[in-house]
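> Pasting in a structure now, in structure tokens, and then I'll have a few things to ask.
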Amino acid sequence: MSSFNKITVVGHLGRDPVLRYTPQGTAVCDFSVATSERRSGGGGGDAQEITTWFKITLWGKQAEVANQYLSKGKQVYIEGRLRQTEYTDREGMKRTSLEVNATDIQFLGTRGEEGATSAPATRPTSAPSAQSAPAANNDDRQPSDEDIPF
């Protein structure tokens, strides 16, 4: 039986992307994405916000487009393969890092909205669009968070 490793992350960039090139000329873009969720604190009723950080790596044309249109605070949809690595920090504490080798990216938000981009989303033509919406209504309204199907 074969195995499968795929993750979907929707969050906000924690820093501006960094673009570099391999010796063979392939573009590589690195940035971090934060996701957050609210969890109730048990019987006390205090809600706690939990933030999870992911290190994202994009390759090729997607790396160049991401570097051009993304910046700290922008919201993105990422698909890719997850890898967990352990390291020792400067204080000698063992830490865990979640790294995503991204295979797909969508820029989320609407034009003019804080954290949004007007750039077209980059997506392989063989995969279904994450932001597909019925085309029956041809109005000019911008998609909202409720339009995202996940």
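The values are calculated or read from the model by the stated rules, or taken from the named source; none is laboratory data. Everything numeric in this text was worked out from a predicted model, so none of it was measured. Please note: Cβ atoms are built from the backbone with ideal geometry, for glycine as well, and neighbour counts cover all protein chains shown. Heads up: the accessible areas ignore ligands, DNA and RNA and are worked out on the full protein's heavy atoms, side chains in. Shrake-Rupley method; radii C 1.70, N 1.55, O 1.52, S 1.80 Å.
> Is region 1-89 rounded, prolate or oblate when judged by the Cα gyration tensor, a ≥ b ≥ c being the square roots of its eigenvalues, rounded requiring a/c under 1.5 and prolate requiring a/b larger than b/c?
prolate
> Here's something else I'd like to know. With a sphere of radius 11 Å drawn around the Cβ of ASP16, what net charge do the other residues whose Cβ falls strictly inside it have (Lys, Arg +1; Asp, Glu -1)?
For residues surrounding ASP16, the net value is +2.
> Rolling a 1.4 Å sphere over the protein heavy atoms, what is the accessible area per residue of region 1-90, to the nearest Å²?
66 Å²
> Please list, in order along region 20-27, the HN-Hα scalar couplings obtained from phi with the Karplus expression 6.51 cos²θ - 1.76 cosθ + 1.60 (θ = phi - 60°), rounded to whole Hz, x for Gly and Pro.
Couplings: 9, 10, 6, x, 7, x, 7, 6 Hz.
> Still on this structure: What trypsin sites (Lys or Arg not before Pro) does region 73-105 have in DSSP loop regions with at most 12 other beta carbons within 10 Å?
ARG90
> Label ARG81 and ARG38 with points 7 Å out from Cα along Cα→Cβ: what is the distance between them in nm?
3.8 nm
> Below 8 Å, C-alpha to C-alpha, sequence gap of six or more: please give me the relative contact order for region 51-114 in percent.
Answer for region 51-114 is 42 percent.
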